[in-house]
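Quick notes on the structure that follows.
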Amino acid sequence: MMGLLSHAVVDAPLFADAVGRFFQPDTLARILIEGLGKAAIYFIIAIGLTLVFGLMGILNFAHGAFAMVGAYLGGILMVVALSSTSGAFTRIVFFIVVVAVIFALMTAVGSALEIGLVRPIYDRTPMYQILLTFGVGLILEELARIIASSQGIQPEPTWTAARDTIPGFLSAPSEIIQGLFGTNIRGFYMFAIAAGILLAGAVWLFLNRTLYGLYIRAGSEDPEMVEALGVDVRKAFTVVFGLGTGLAAVGGVFLMWDPNWGPSVMLNLDVLLYAFVVVVIGGLGSFKGTLIAAVIVGIADSFTTWLFNTGIVAFSGLPEVTIFLLLVIALIVRPQGLYGVEEVGGH
Amino acid sequence: MAISPVDDPVSDGGADASAETEPVTDKRETRKGVSADGDEQQDRTRDGADRHWVGQYLRDHLSHIAVVAFFVLYPGLSAALAGIPALDIGIATVDPGAFFDAFLPSMPFMIAMLFLGLFAMSFDFISGYTGYLSFGHAAFYGIGAYFVVMAANGLIPGIPQGTPFVLTMVIGATIAFLVALAIGAVSFRLTGVYFAMITLGFAQVMYELIRSWGYAATNPTEGPSFAGEAPTPEIGVPFVDSLSVAIGRLGGDSFDNLLGLGIDLSSTVTSYYAIGLVVLLSYFAMQRVIHSPFGQVMIAIRENEERAEAIGYNVFWYKMGAFGISAFFAAIAGALFAAFRGSASPDDTFYFLVTADALIVTIIGGIGTLAGPFFGSFFFESLEDILSSQQGGLAPYLRETLPDGLLGADVAGITFLDVINTAVDGRAPLYLGVIFVLFVLFVPNGILGTVRDRLGGTVANRLPAHLERYRR
Amino acid sequence: MSLLELEDVHTYYGESHILQGVDMTVEEGSVVALIGRNGVGKTTTLRTVLQLTPPREGTVTYRGEDVTGEPTHEVADRGIGWVPEDRRMFGYLTVEENLRVSVGPDQDFEAVRDDMFDLFPDLERFREKEARNLSGGQQQMLAIARGMVGDNDLLLVDEPSEGLAPLIVEQVVEALREASAETTMVLVEQNFPLAMDLADQFYLLDHGTVVESGSTEGVTAEDEMIRRYLSA
């Protein structure tokens, strides 16, 4: 039976060599910084999902589709607004504007969806909320496919024209990192780290420094009690579902520039699955857990990618397998996640 | 005198007596599905002297017989209808044959319905009856599919290349059973969303591994196939050639002038019957389990697991057993799929979307009703056929039959032809998504479940709660 | 005009008919005890007042206005506070944040909070502590305080002494007595002497209906009627 697995097995001399290479400063810096860049992306795509589950107990299966819509809409705005001669500064400014516009737009769309579709089925079992949001995701994916192909854009693979609106200094290796650690890391990852920190800070402030954030945190524990204290929890549900949708779409705008993703209809399921992994490992509904899980998954991703790229492991699916294995192991070892409430799921 | 089937005291065999006390049993649902005809016939025979067990058995299975008869007659019927010649009635040509061709599902879709239907029934067996959503069900489908193809290529150690398909199919299904026990051993400590996530996680791990597994196929993302040395899969009694038929899109057996009856069977129709037989046997096997005391415990777990445990059932092993059985039949479905298509690829077997298909048809057909997913699958494949871009789809039919003037008719720069091309041609997934959402919102019990509710009178009980929900 | 009136209230959980025609009147400034065995519908009565489980028949009137079928948060905003069974703290929120949820955005939170800290000095000491780290008695204090803040005139208190040590119960009773000086109260309590001690009126429930009511004056556990409906 060993023959069946032969190419996943590591040669002994290679292994010793790999350990040696791993402990070189440039390698460690590379794995760590690229890992944090990926972690930032994972956090951005997962945080909306965790907010929605935390308050409403709904595992939103349309989350990936919202990100996909964000990626395409962002792509359209960028492609229309920019010309090939636009400078790097213009591109960054436009990107920030696009993020704001899409966040506002998709927050409104998400709120409308909550009122129109999700609200009528709150008192059914959680399965129906999963099914409904999954159906919404399917419809959005097909609409994106139809619209993209009617415009002569291939829905699969990535829409490169949109991805190429990234300024040159972000798609090229970062010079600062090159100078400091002597290793090549795309400028995009530095950009993602900065954006991830900003976003995490903003969400944290919203949750901990606003009255609405307080209602959301209280509602995550016991929505009925919050309602009985005079807070309109239904309205909070609408707002949070809207925010979750907006955050998913913002994640999509970032993926538009991400060298490993880019706008395509495949984002629907890919984002959904990876966001699930992060959110489940961190503990469904926990802000802190999502943050830490994103870092774990990001670094695992960059480490296994490095293992494959250097030829130490000749198995191309290693990062993906590792990430889903993390999900399975996390659920076996600690079902409530790193920071989940013990009896969560009993919503 | 009208005897409602609900009051029928002898509708189930003695061994199934406990099934009668449970409101959610499948056989009764299907029987109600046959509407007034069934009842009428039942009444007539009841009044007669014939109480022989054979007659009784046939009466009990009337709905099954009707459904099976429909699907047995379907190939001939649809071929006859599609074969109606075009007629020139002066002002225009009327071509009913082309109309039926466009709207009746063609054989490849009917065959897809069979294995999707079986897969969805197996999904419903665990998800609908015990309430544990198996989001990684595609893994078992994939194991069944990969096992038979790899065995046919001599890639499974200990299984010689010429081993009959029926045997490798059962061995593969047994392996799926064991894998399910292994997954279940760690997963059944979790419930709800968490169970769904861990089974999804396991399936995705397998999917990613298979995609890179160079041993199974030279191009692992394409997957292995029944090419070259691999024997054509046959369904029948192993080692008896005269009682076996080869199945497959390309290499299946065809029969001219069958038994001297003047009936010709093409290779697709032959495959349809052979695969249909396996699906039918699998259905009866699962139905047997549902109606046995074991099945009643499954339902008890869904309704209230703590109570089932308090009564003294070891619910863990019941869940394990149900999961194993459902994986077994999922693998059978996968094997049939691979055999007919002649290959297996990771994206068509192990991927999450395969489970999603089963989920969709289960909801449309009726979750928690064993036959429901099968009807959901029929609905699904009919829609796929009608909206298909191929010959026999609605879009080519409209393009050919509608007059050019209408097709070219132009509203704000968009012609009717454009509408057909973008909104009809190959758009099954879009409409399926819309229909699925509408079912979730308005028909949560699915086709069969709703029919059961209507005829079972439980609507009366549910109505007040229903109204109250909207009043708030 | 009475503060709260229930008129022929019928409430269901799914298909189970829990309240089968409850009539009840609560006067402003009084403390009313709901007594009866487990499962007769005492908690459901409180939930029905708040419209958490709205009645299928009958009306709930607060300050002369029919609130039947109104969303719970609006009923609560009219000035009804709830101290539920098992206290239901927001365990991951601090003491102060627990109070904050109950205070509307238009009210002066600091002032309201300081009033509560005067009433329950213990809470001030633990204001930054997460509620799950408090002792049972402290949690009960917090639950009572949380029910009182937000300009509430009616406090629905469910089993405040349950699961607490006798010494702690005494403190809770003291807290309730102080609270009752400021607000009207409906009290569900298994501990019969305690209920009679705190309340001026009582309603005795059995099988979802009121079987007896009146002043608590002179009612003892030895009364024939009480023994019939309370002893197991």
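Bear in mind that the values in this text are calculations on the coordinates, not laboratory data. The structure presented is a predicted model; accordingly, all values stated were derived computationally and were not measured. We place every Cβ from the backbone using ideal geometry, glycine too, and count neighbours over all the protein chains shown.
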Send over the semi-axes of region B:107-352's equivalent ellipsoid, whole angstrom and largest first, taken as the square roots of 5 times the C-alpha gyration tensor eigenvalues.
33, 22, 14
Diffing region C:200-215: the Karplus 3J(HN,Hα) column from phi (6.51, -1.76, 1.60, θ = phi - 60°), in whole Hz with x for Gly and Pro, holds 9, 10, 9, 10, 9, 9, 8, 6, x, 9, 7, 9, 7, 8, x, 6
Under a 5 Å amide H to amide H cut-off, with H placed in plane at 1.01 Å, what residues pair with C:GLU57 once short-range neighbours are removed?
C:HIS10
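Counting partner chain Cβ atoms within 10 Å of every residue's Cβ in B:303-309, what's the average? Could the numbers behind the result be given before it?
Values: counts 0, 0, 0, 0, 0, 0, 0.
For this peptide, the per-residue mean of nearby foreign Cβ atoms is 0.
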Once label points are set 7 Å from the Cα along Cα→Cβ at both C:HIS10 and C:GLU65, what is their separation, rounded to one decimal in nm?
2.8
Once you average over the residues of A:119-126, how many Cβ atoms of partner chains fall within 10 Å of each Cβ?
3
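C:MET225 to C:ARG132: FRET efficiency via 1/(1 + (r/R0)^6), r the Cβ-Cβ distance, R0 51 Å, to the nearest 0.05?
Details: r = 42 Å, r/R0 = 0.82.
With R0 = 51 Å, the Cβ-Cβ based efficiency is 0.75.
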Size of region C:147-232 along its principal axes in angstrom, Cα-based, largest extent first?
39, 28, 24
Would you please state the base-10 log of I(q)/I(0) at q = 0.11, 0.14, 0.20 1/Å for region B:83-179, with intensities from the Debye formula using one equal scatterer on every alpha carbon?
-0.55, -0.70, -1.01
Pop out the ³J(HN,Hα) list for region A:94-101 in order, Karplus 6.51 cos²θ - 1.76 cosθ + 1.60 with θ = phi - 60°, rounded to Hz; leave Gly and Pro as x.
4, 4, 5, 4, 4, 4, 5, 4
For region A:156-196, what Kirkwood radius comes out of the mean inverse Cα-Cα distance, in Å?
11.1
Please get the size of the charge dipole for region C:133-182, origin at its Cα centre, with Cβ charges of +1 on Lys and Arg and -1 on Asp and Glu, quoted in debye to the nearest 20.
160
Rounded to 0.05, the calculated FRET efficiency for the beta carbons of A:ASP26 and A:SER316 at R₀ = 22 Å is 0.40
When the Cα centres of region C:81-146 and region A:138-178 are compared, how far apart do they sit, in Å?
51
So how strong a dipole does the protein assembly as shown carry about its Cα centre when Lys and Arg Cβ are +1 and Asp and Glu Cβ are -1, to the nearest 20 debye?
2960
Subtracting the Cα-Cα distance from 0.36 nm times the residue separation, let me have the gained length for A:ALA104 to A:THR210 in nm, one decimal.
36.3 nm
If unit charges are put on Cβ atoms (+1 for Lys and Arg, -1 for Asp and Glu) and the dipole of the protein assembly as shown is taken about its Cα centre, the option from A:LEU113, C:GLY21, B:VAL419 lying farthest towards the positive end turns out to be B:VAL419
Treating only the Cα positions of region A:53-99 as identical point scatterers, give the base-10 log of I(q)/I(0) from the Debye formula at each q in 0.19, 0.26 Å⁻¹.
-0.67, -0.91
Column: log10 I(q)/I(0), Debye, Cα scatterers of region A:177-313, q = 0.10, 0.20 Å⁻¹
-0.45, -1.40
Dimensionless Rg/Rh of region C:1-97 - Kirkwood Rh, Rg from C-alpha atoms
0.98
Could you check the spin-label model distance between B:SER242 and A:ASP123? Points 7 Å from the Cα along Cα→Cβ, value in nm.
6.6
Between helix A:12-22 and chain A, what is the angle of the helix's C-alpha long axis to the longest principal axis, kept within 0 to 90° and rounded to the nearest 10?
70
For each pair in A:LYS235/B:LYS319; A:LYS38/B:LYS319; A:LYS288/C:LYS129, compute the distance between the two Cα atoms and list the pairs where it is over 29 Å.
A:LYS235/B:LYS319; A:LYS38/B:LYS319
3J(HN,Hα) from dihedral phi, region A:45-50, Karplus parametrisation 6.51/-1.76/1.60, rounded to Hz, x for glycine, proline
7, 9, 5, x, 4, 6
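Send over the Kirkwood Rh of region C:46-107, from the inverse of the averaged 1/r over different Cα pairs, rounded to one decimal Å.
Values: mean 1/r = 0.0760 Å⁻¹.
Evaluated on region C:46-107, it is 13.2 Å.
For chain A, what is the convex hull volume of the alpha-carbon atoms per residue, in Å³? Before the final figure, lay out the partial values.
Working: hull volume 53.9 nm³, N = 347.
So the per-residue Cα hull volume is 155 Å³.
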Between B:PHE294 and B:THR174, what is 0.36 nm times their sequence separation minus the Cα-Cα distance? Round to one decimal in nm.
41.2 nm
Region B:259-391, Cα convex hull volume normalised per residue, Å³:
148
Which residues qualify? For A:SER86, with a placed amide H closer than 5 Å and at least 5 residues away or on another chain, they are none
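With only alpha-carbon atoms in the gyration tensor, what are the semi-axes of the equivalent ellipsoid for chain C, in Å, largest first?
Details: eigenvalues 157, 90, 50 Å².
Working through the eigenvalues yields semi-axes of 28, 21, 16 Å.
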Rounded FRET efficiency, nearest 0.05, which uses the C-beta distance separating A:THR160 from B:ASP404 and R0 of 56 Å
0.90
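Ignoring the sites themselves, what is the longest stretch of chain A with no GluC sites (Glu not before Pro) in a DSSP loop and at most 10 other beta-carbon atoms within 10 Å?
Details: sites that count: A:GLU342, A:GLU343.
That would be A:1-341.
Take the Cα atoms of the protein assembly as shown, build their convex hull, and give its volume per residue in Å³.
Working: hull volume 248.7 nm³, N = 1051.
Hull volume over Cα atoms, normalised by residue count, gives 237 Å³.
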Per-selection metrics, region B:381-425 (Cα): Rg and Dmax in Å:
11.0, 34
Amide H partners (placed H, <5 Å) of C:VAL186, local residues excluded:
C:VAL32, C:LEU155, C:LEU156, C:VAL157
Per DSSP H run of n ≥ 4, the term is -39500 (n - 2.57); total these for the protein assembly as shown, divide by its residue number, and report the mean residue ellipticity at 222 nm rounded to 500 deg cm²/dmol.
-19000 deg cm²/dmol
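Using Cα-Cα distances under 8 Å and only pairs 6 or more residues apart, what relative contact order does region B:107-352 have, in percent?
Numbers: 428 pairs, mean separation 96.4, N = 246.
It comes to 39 percent, rounded to a whole number.
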Counting Lys and Arg as +1 and Asp and Glu as -1, each charge on the Cβ, what is the dipole of region B:107-352 about the Cα centre in debye, to the nearest 20?
480
